Amino acid sequence: MSPYALSVLMSSLAVGTVTTLSSTHWFLAWMGLEINTLAIIPLMTKMHHPRATESATKYFLTQATASALILFSTTINAWILGEWTITNLNPMSSTILTIALAMKLGIAPFHLWLPDVLQGLNLMTGLILSTWQKLAPMALLIMISHQLNSNLLMMMAILSTIVGGWGGLNQIQMRKIMAYSSIAHLGWMILILTFSPTLTILNLMIYILLTTSMFMMMINLYSTNINKLATSWLKTPTLSALMMITLMALGGLPPTSGFLPKWLILQEMTKQHMGLISTIMAMSALLSLFFYLRLSYAISLTTAPNISNSNLVWRTKLKPLTALPASIVMSLLLMPITPLLLTMII
């Protein structure tokens, strides 16, 4: 792709997200979401492969349906209340809008498009779809969090964590595993949304850090499935070890950064006297942890450290991704500065 076209598309992605984040009018927020959608579709199809075209088509149809629902719900809201302000919603518009934004994010039961779309993309576009594209819809959910139906959100949250854990168990493709990981993490975010939006923002920040680190390491190691991941120890032992620890952080094991949001969310849910839901969420997190452990096993134990049956260079030259060391450090070591992070968000 031409550098000029790439710069225009990346700028459009930034403009779309910033437009939605800074808007107080529903129509302006909808325009930002549309700019986002239209800017990423050329990035999806730049591989010139039937699978990429299929992914872009599925993504476009899903996002167009969600955008139509957003426009429909906000029009009903303007008809009933006589205003387009984001912070004022009637109950019917709130429910339709929750469903529309769940479709945009890939929250269960509206998640079926996400694994297939992510599998058809290259790793860099997959990184953008898994991180940057979550910002605008999640920002809208946070802005209207005090008017959302908490029972609907909790049902979708429990379903997302279970589907995200169960769906990733039998996968061998890394991009599909990351898609199911995204679904499970989004479940944790929307669970706490109506009770503590601050914790949702913290969870989103840490999810973006962990996912960015994982995708950057996959780009460095050229790993798109478990078989390729199994030979990564031969290429870069240090990076492979760090990938194992990052997978543990995605699973939420202490003392990594991934443990922090799960701990705080379960604590808050217990304060709200929702022990049963907290138990279900904690148990469903074990499903996700299982396939992260399976990937760690593939990295460390399935290949001998000094024998390779493939034509691999003993030490490959890494791609110059300068943000990788910083993202890995933040993915693993944010736990001690938890009070500072919460103070900054509040």
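The values are calculated or read from the model by the stated rules, or taken from the named source; none is laboratory data. As the structure is a computational prediction, the values presented were derived from the model and not from experiment. All Cβ positions, glycine included, derive from the backbone under ideal geometry; neighbour counts span all protein chains shown. Heads up: the accessible areas ignore ligands, DNA and RNA and are worked out on the full protein's heavy atoms, side chains in. Shrake-Rupley method; radii C 1.70, N 1.55, O 1.52, S 1.80 Å.
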Debye equation applied to the C-alpha atoms of the chain, log10 I(q)/I(0) at 0.07, 0.09, 0.15 Å⁻¹: -0.29, -0.48, -1.34
Convex hull of Cα atoms in the range 149-345, direction-averaged projection (nm²): 11.0
Proximal lysine pairs, the chain, alpha carbons under 16 Å, eight or more residues apart or interchain: 8
Calculated FRET value between Met92 and Thr53, using beta carbons and R₀ = 41 Å, to 0.05: 0.65
GNM flexibility winner over the chain from Tyr207, Tyr292, Tyr222 (Cα, springs under 10 Å): Tyr222
Peptide ranges 265-275, 185-195 listed from the most packed, as the mean C-beta count within 10 angstrom indicates: 185-195, 265-275
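Please report the projected area of the range 159-229's Cα convex hull averaged over all directions, in nm².
Values: hull surface 18.4 nm².
Projected area, direction-averaged: 4.6 nm².
Cα convex hull of the range 1-113: how many Å³ per residue?
Numbers: hull volume 9.7 nm³, N = 113.
Spread over its residues, the Cα hull of the range 1-113 gives 85 Å³ apiece.
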Probe 1.4 Å, protein heavy atoms only - accessible area per residue of the range 1-113 in square angstrom: 47
Positive dipole terminus of the chain, leading residue within Trp233, Ile86, Leu193 (C-beta point charges): Trp233
